[in-house]
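Only one structure is covered here, and it is reproduced in the block below.
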Amino acid sequence: MCILKKIGMNKLKYIIIAVVMMVVSSCNDWLTIKPKDKVEKTKLYETEDGFWQALNGLYDKLRGSMYYHTYNIPWMATSDRLVGVWEDKGELTLSGRLEAHMYNETNVDGLMEIHFLNFYQVIAHANTILAYVDNVSFLSSQAHALIKGEALAIRAFMHFELIRTWGPMPNSVEDGYAYLPYVRDVSRNAHDYSNYADYMNMLLADLTEAENLLAEYDPILTYSNAELNVNSLLGGYDRLDYNYRQHHMNYYGVCALRARVALWMGDVQNAITYARTVINATNEDGTKKFTLGVSDDVTTAGSEDNNNNSLPTEHVFGTYVEDFNWDELFASNTQGEHLYMSASKLTDIYSYNSNDWRAEKWYVPFEDYVTTVKFRHRINFWLPFIRLSEMYLILAEELPISEANVVYQEFCSLKGLPTVQLTENERQIEILMEYYKEFIAEGQLFFVNKRMGIRKVLWLDEDMAEQQYVLPLPDRETNF
């Protein structure tokens, strides 16, 4: 029986009302990202500057909801806890309860409620932009296309995060059952909950419209990332807001998200098509738009700044922070919620590929354990939401086996791996292990296991099934 069927949906509608009221009543709060963003909402959308400030506020909310700590556990690490990546320090800590899938425990429910609310708040802010952007005449065609396209894509991005967390396993959808609301306006009225098909159709409609808008005007289609990642105006564009497209939901970011969503939905052809679009994207001189990171990109020492440990050449869509202190936020707090793992776990995933530079360079000793240096104590740092590696793994998983091996060999050669031939019998486990090697601390591992329906999950004693994979909606929302 689906876990969500135990919940009264009428009561759950009030969560969206609460989020909207929070946004409507405290709009100044989300617009105070920087001092220049302190603008009354009634004035914000009267100028082009106001729209760009609102879009910057949206990205700040997105970054905060995904990477900044809640109970000292950011969302990008919370989902890793659910599949036992990080060690539990002490008995029944919050991390231990997450790993044990004790979803009804007060602290766990409280943490997941905050994440749930954060996601819908990001959606509400996107919807506020979308409520105004078609009703003004002063935006140029390219400004309108980018602002609207990005807001639509972020709305889809967050709705997908919600449905793949609190929604059904892809192979166990109950037709007609109302899972979550797909919220497309800013209103204090209750929003209807949608069945899975309707929800995903609305999500795909947002992505299609975003893709069409960005396909015509996105600077990333004209300029290379090297040309875009500068603090000077681009030819044909009158604002710096058009620069740094990897830090915005750009055209290829939408394509990458479409590949991720299609894979989740079992739409193999679109997963392949959109993944190829990203991998094959080229600049005018024929060079690749995005390239896989290599060993020389990563610095293992913990004191240098401005390095490339997160592999920014791979960032199809990511974000930027001036000061992101991984040690301070996630490895030095007093609640025992450190992001560290036993050295044996590295052996588990890297043992038969001893030349894999990721094992050597992405991890360093921490107390009696190891921790990742992907995001550790760096200034002017890039944080990924979608990386190129994921597109390669989608093709390796879904292409006919002979074609999949061509793609996989290219991927392996840049990761320092020996020649590995995928076979139909071993392909799924090989790709699953590559997700572990590539995406620890990036919020992917719980979802790849859920999508594949893995029962015996690496590092967990408990068998995984719907009860563990489908998170119950927050208790406060079911008892409103």
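Annotations for the structure displayed:
- Shape analysis of segment 363-480 yields a ratio of the Cα radius of gyration to the Kirkwood radius, Rg/Rh, of 1.03.
- Under the simplified labelling scheme, the K456-T222 pair shows an inter-label distance of 5.6 nm, with each label point 7 Å from Cα along Cα→Cβ.
- Near F385, the amide H atoms lying under 5 Å from its own belong to F317, G318, T319; only residues 5 or more places off or on other chains count, and H is placed 1.01 Å from N.
- The alpha-carbon of K288 sits under 15 angstrom from the alpha-carbons of these aspartates and glutamates, leaving out residues fewer than 8 places away in its chain: E227, E314, E410.
- Sites D238 and E360, calculated FRET efficiency, Cβ-Cβ separation with R0 45 Å, nearest 0.05: 0.45
- Spin-label model distance (nm) - T347 vs A205, 7 Å beyond Cα toward Cβ: 5.4 nm
- Nonlocal amide H pairs with N308, under 5 Å, H built at 1.01 Å: T299
- Remark: segment 266-274, residue by residue, has Karplus-estimated 3J(HN,Hα) of x, 8, 4, 4, 5, 4, 5, 4, 6 Hz, where x stands for each Gly or Pro and the curve is 6.51 cos²θ - 1.76 cosθ + 1.60 at θ = phi - 60°.
- Karplus 3J(HN,Hα) series, Hz, for segment 94-111 with 6.51 cos²θ - 1.76 cosθ + 1.60 (x for Gly, Pro): 4, 5, x, 5, 5, 5, 7, 6, 8, 5, 8, 5, 3, 5, 5, 4, x, 5
- Peptide packing for 438-446, 235-243 was compared via the average number of neighbouring C-beta atoms within 10 Å per residue; ordered from the highest value, the list is 438-446, 235-243.
- Prolate/oblate/rounded call for segment 75-171, Cα gyration tensor, a/c under 1.5 rounded: prolate
- Each label point was placed 7 Å from the Cα along the Cα-to-Cβ direction; for S413 and D175 their separation is 4.7 nm.
- In terms of packing, defined here as the mean over residues of other Cβ atoms within 10 angstrom, the peptides 355-365, 203-213 line up highest first as 203-213, 355-365.
- Cross-link pairs beyond the 19 Å C-alpha cut-off, checked among K61/K289; K361/K456; K361/K450; K374/K415; K361/K415; K345/K437: K61/K289; K361/K456; K361/K450
- Extended-chain gain in nm, criterion 0.36 nm per residue less alpha-carbon gap, E403 and I429: 7.6 nm
- The stretch between F138 and D296, if pulled fully straight at 0.36 nm per residue, gains 52.2 nm over its current Cα-Cα span.
- Take I401: with every protein chain present and a 1.4 Å probe, its accessible area is about 50 Å².
- The string of couplings for segment 392-402 from the Karplus curve (6.51, -1.76, 1.60, θ = phi - 60°) is 4, 5, 4, 5, 5, 7, 10, 5, x, 4, 5 Hz, one whole number per residue in order, with x for Gly and Pro.
The values are calculated or read from the model by the stated rules, or taken from the named source; none is laboratory data. Note that this is a predicted model, so its numbers are computed, not measured. FYI the Cβ positions are ideal-geometry reconstructions off the backbone, even for glycines, and counts take in every protein chain you see. Please note that ligands, DNA and RNA were not included when accessible areas were found on the heavy atoms of the full protein model with its side chains. Shrake-Rupley method; radii C 1.70, N 1.55, O 1.52, S 1.80 Å.
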